[in-house]
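K.L.:
My questions will all concern the structure given below.
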Amino acid sequence: MAKTISVIDFAALTKLLMALTVSVASLCTASLYALGILIFLELFCAALMGGGKVLWKGIGALTVFAVVLALIQLLFGTSLFLAVGSAYKMFIMAVSLLILVATTPTQSITASLVKQCRLPYDYAFMITAVLRFVPDLLKESKEVRQAQACRGFHSAGNPVRRIVDYMMILKPMVFKAISRSENMAISLSLRRFSDKKKRTFMASTKLNAGDYAAMLANLLICIAAVKFA
Amino acid sequence: MLNLKNISFSYAREKIFNDINVQIDTTLITAVAGRNGTGKTTLTRLIMGLMKPDAGTIELNGKIISDMPSYILAKDIGYVFQNPDHQLFASSVHSEAAYAPLALGMDIKLAEENVQQALIDTELADKQECMPQLLSLGDKQRLSIASALAAVPKLLILDEPTSGQDCRERTVLLRLMRKLNKKGIGIILITHDMDILAEHADRVLVLSNKCIAFEGTPRELFTDEERTAALGLELPEAVRISHEMKLELCLTPAELYNKIAVRREENGKNN
């Protein structure tokens, strides 16, 4: 796990609401200036909250993806304004989620969704379980690719051929994911998952003054960016 | 001969190997042992081209292979992962085993012959139409081996092939390993099981402190009890009992049984 240094640590709810407001704001505006301000806000928050190498690597990858997305749209005749705008929007929404996941323990997200957002525990658990298994799946996909390469697998040629070839990677992963989810379901049942409606959480969900200030500042910046930019 | 010359390798800024030099006879069964985290799997992944060394070269029969990608090396080296589920994707045992020879561009007739031979060798010939995902762990592991064998490799790397298997499946697999070696396929076996190592390996490499701390035969390894403990290895059961009974070093239960029988005979004569 990469070492993370955070200047400030917000509660999971604060980060959730910030991600939500920034994403909604990006959908409500077409102005490139406003979207630029939102991107700056996100990058500033990312620097403030830490997240380390993983977060910045993710942001780097998303930047490349945003550029590719804009270029593809330009190739198919979309105007420069729209192409850049949609790439900006995709970047803003993906980065907001990335910041939330990279800087918040999954237990805190679950606790916050249940205690503060009043989401049923089953659904909150589903969301956090998905987030929890993303790194595992990435690691697994690398291992599967290596195992297939040892048998002569090499994806080359035209895109259709490559997609067909990738079924070799996808199939073992799907089988493993199904088996893992079965095991997880059994293991959870054995530990009385959903047995009681009221449950306790170890993760603290308490909001402090910094959280309220951050939420307010974030909300004001989003409104200002959408209204006046 | 597989020749590792001056191999150094780091992972996430941590030095795993520092200037390793070793020659592995590719006609023998060579076991790779060592504590967890000493780089046993990393060493074999370097050989297979799944990782690239920071320095040094790896040669197979005089040809430098350290800069070759693994899909090319698959012609010469078969690699069987610890977890067979990583590679099973086909809808039948036959098509799973046929993947490697076809991917390597082998003639269809020859590929079919090789697949059939590999399935016979691995005792899976009667399960050709079964779905790989539904096989037992031992069958899955042997299917992974069959899949590698169908490409007719010169060397087979097995990463802890017996882990999680029951006694019968373990015996079948070890018997298969011996049979393949007799057919001329060199085997590199990563194992934590000292009983298997003592009974089946011709040579042993023990990794410790970023280098190869021991290289020799199992008998040489287990002769020195203190060194074995310092390398973080347990003594095999037969070796431990032969030490306790102050017998000559026995590597296998059969050897131990014979020695005990001889001693009983001698004691009988003396009495």
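The values are calculated or read from the model by the stated rules, or taken from the named source; none is laboratory data. Everything numeric here is computed off the predicted structure, so don't read it as measured data. Positions of Cβ are backbone-derived with ideal geometry, glycine not excepted, and every protein chain shown enters the neighbour counts.
K.L.:
Checking the condition surrounded by fewer than 21 Cβ atoms within 10 Å (Cβ to Cβ), within 14 Å of chain A (Cβ to nearest Cβ) and either of a type in the set (S, T, N, Q) or out of contact with any His (no Cβ under 6 Å at 6 or more places or on another chain) (or both), which residue from B:Thr27, B:Thr42, B:Thr57 passes?
P.N.:
Going through B:Thr27, B:Thr42, B:Thr57 in turn, just one is surrounded by fewer than 21 Cβ atoms within 10 Å (Cβ to Cβ), within 14 Å of chain A (Cβ to nearest Cβ) and either of a type in the set (S, T, N, Q) or out of contact with any His (no Cβ under 6 Å at 6 or more places or on another chain) (or both): B:Thr42.
K.L.:
Same structure, new question: Give the residue, chosen from B:Leu43, B:Leu102, that is of a type in the set (A, V, I, L, M) and farther than 24 Å from A:Phe175 by Cα.
P.N.:
Every option except B:Leu43 fails the conditions.
K.L.:
Can you go through B:Ile47, B:Ile20 and tell me which one is of a type outside the set (Lys, Arg) and more than 14 Å from chain A (Cβ to nearest Cβ)?
P.N.:
That would be B:Ile20, the only listed residue that is of a type outside the set (Lys, Arg) and more than 14 Å from chain A (Cβ to nearest Cβ).
K.L.:
Also, quick follow-up: Condition test on A:Ala61, is it under 30 Å from A:Phe10 (Cβ atoms) and without any contact (Cβ under 8 Å) to a residue 12 or more places away in the chain?
P.N.:
yes
K.L.:
Can you run down the residue pairs with Cβ atoms below 7 Å, 6 or more apart or on separate chains, where the first is in the range B:63-78 and more than 8 Å from every other protein chain (Cβ to nearest Cβ) and surrounded by 14 or more Cβ atoms within 10 Å (Cβ to Cβ) and the partner is hydroxyl-bearing (Ser, Thr, Tyr) and not in a loop (DSSP other than H, G, I, E, B)?
P.N.:
B:Ser66/B:Thr57
K.L.:
Which residues, counting only those in the range B:27-58, are in a strand (DSSP E or B) and under 30 Å from B:Glu199 (Cβ atoms)?
P.N.:
B:Ile29, B:Thr30, B:Ala31, B:Val32, B:Ala33, B:Gly34, B:Ile58
K.L.:
In addition: Somewhere in the range A:209-229, is a residue within 14 Å of chain B (Cβ to nearest Cβ), surrounded by 17 or more Cβ atoms within 10 Å (Cβ to Cβ), assigned to a helix (DSSP H, G or I) and modelled with pLDDT of 80 or more?
P.N.:
For the range A:209-229, residues within 14 Å of chain B (Cβ to nearest Cβ), surrounded by 17 or more Cβ atoms within 10 Å (Cβ to Cβ), assigned to a helix (DSSP H, G or I) and modelled with pLDDT of 80 or more: absent.
K.L.:
Now, a different point. Is at least one residue of the range A:198-220 over 30 Å from A:Met49 (Cβ atoms) and not β-branched (Val, Ile, Thr)?
P.N.:
So far as the range A:198-220 goes, yes, one or more of its residues are over 30 Å from A:Met49 (Cβ atoms) and not β-branched (Val, Ile, Thr).
K.L.:
Specify the residue that is farthest from B:Ala150 (Cα to Cα); the eligible residues are those in the range B:91-102 that are touching a residue at least 24 places away in the same chain (Cβ under 8 Å) and surrounded by fewer than 20 Cβ atoms within 10 Å (Cβ to Cβ).
P.N.:
For the range B:91-102, the residue satisfying everything is B:Ser91.
K.L.:
Which of the numbered conditions does B:His86 fail, given that it passes all the others? Conditions: (1) within 16 Å of B:Leu156 (Cβ to Cβ); (2) facing another protein chain (nearest Cβ under 8 Å).
P.N.:
Just one mismatch for B:His86, condition (1).
K.L.:
Limited to the range A:135-194, what total is found for residues that are at pLDDT below 80, within 13 Å of chain B (Cβ to nearest Cβ) and under 26 Å from the mean Cα position of the chain (by Cα)?
P.N.:
Going through the range A:135-194 one residue at a time, the tally reaches 0.
K.L.:
State all residues of the range A:98-124 that are out of contact with any helix residue (DSSP H, G or I) (no Cβ under 6 Å at 6 or more places or on another chain) and more than 12 Å from A:Ser204 (Cα to Cα); if no residue qualifies, say none.
P.N.:
Of everything in the range A:98-124, those that are out of contact with any helix residue (DSSP H, G or I) (no Cβ under 6 Å at 6 or more places or on another chain) and more than 12 Å from A:Ser204 (Cα to Cα) turn out to be A:Cys117, A:Arg118, A:Pro120, A:Asp122, A:Tyr123.
K.L.:
Follow-up. Name, by its number, the condition in (1) surrounded by fewer than 21 Cβ atoms within 10 Å (Cβ to Cβ); (2) among the small types (Gly, Ala, Ser); (3) within 10 Å of another protein chain (Cβ to nearest Cβ) that does not hold for B:Ala148.
P.N.:
Of everything listed in (1) surrounded by fewer than 21 Cβ atoms within 10 Å (Cβ to Cβ); (2) among the small types (Gly, Ala, Ser); (3) within 10 Å of another protein chain (Cβ to nearest Cβ), B:Ala148 misses just condition (1).
Yes/no matrix, rows are residues, columns are (1) in a loop (DSSP other than H, G, I, E, B); (2) at pLDDT 95 or above; (3) surrounded by 17 or more Cβ atoms within 10 Å (Cβ to Cβ); (4) not charged (D, E, K, R):
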residue: B:Pro161; (1), (2), (3), (4): yes, no, yes, yes
residue: B:Arg168; (1), (2), (3), (4): no, no, no, no
residue: B:Met177; (1), (2), (3), (4): no, no, yes, yes
residue: B:Leu180; (1), (2), (3), (4): no, no, yes, yes
residue: B:His192; (1), (2), (3), (4): yes, no, no, yes
residue: B:Leu197; (1), (2), (3), (4): no, no, yes, yes
residue: B:Glu226; (1), (2), (3), (4): no, no, no, no
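K.L.:
Does B:Ala111 satisfy the condition of being among the small types (Gly, Ala, Ser), out of contact with any His (no Cβ under 7 Å at 6 or more places or on another chain), outside any helix (DSSP H, G or I) and over 21 Å from B:Thr26 (Cβ atoms)?
P.N.:
Considered against the rule, which asks whether it is among the small types (Gly, Ala, Ser), out of contact with any His (no Cβ under 7 Å at 6 or more places or on another chain), outside any helix (DSSP H, G or I) and over 21 Å from B:Thr26 (Cβ atoms), B:Ala111 comes out as no.
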